[in-house]
1. Evaluate the following for Glu43: is it modelled with pLDDT of 95 or more and outside any strand (DSSP E or B)?
2. What's the total number of residues in region 35-62 that are surrounded by 10 or more Cβ atoms within 10 Å (Cβ to Cβ), among the charged types (D, E, K, R) and out of contact with any Gly (no Cβ under 6 Å at 6 or more places or on another chain)?
3. Being outside any strand (DSSP E or B), touching a residue at least 12 places away in the same chain (Cβ under 8 Å) and surrounded by 10 or more Cβ atoms within 10 Å (Cβ to Cβ) is the filter here; which residues of region 1-34 pass it?
4. Those residues that are within 10 Å of the chain's Cα centre (by Cα) and β-branched (Val, Ile, Thr), I need them from region 27-62; list them, please.
5. In the list Gly37, Gly55, which residue meets the criterion of being part of a loop (DSSP other than H, G, I, E, B) and in contact (Cβ under 8 Å) with a residue 24 or more places away in the chain?
6. So which residues in region 1-26 are small (Gly, Ala, Ser) and within 10 Å of the chain's Cα centre (by Cα)?
Amino acid sequence: MRLQQGQIWKKGDDYYRIVEWSRMAIGYKAMKDPTTGEGTFHEVSKKEFCRLIKGAELLIPD
């Protein structure tokens, strides 16, 4: 699975939306409810993000 800007991942009760995608880093928003869009922004390396979403489910938009 390739990471792309705009993807939303669900792990437990948390949602992670990729806001900024670059070659070496991922900017993502951690949220409790993806419909409101409220959450905190974080910037990590791709490797760290992949560890974060390990076992998470990719939500497919309708």
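1. So Glu43 does not fit the description; no.
2. Result for region 35-62: 6.
3. Passing the criteria: Leu3, Gln5, Gln7, Lys32, Asp33, Pro34.
4. Ile53
5. It is Gly55.
6. Once the filter is applied, which keeps residues that are small (Gly, Ala, Ser) and within 10 Å of the chain's Cα centre (by Cα), region 1-26 yields only Gly6.
The values are calculated or read from the model by the stated rules, or taken from the named source; none is laboratory data. What you are looking at is a predicted structure, and each value in this text was computed from that prediction instead of being measured. Positions of Cβ are backbone-derived with ideal geometry, glycine not excepted, and every protein chain shown enters the neighbour counts.
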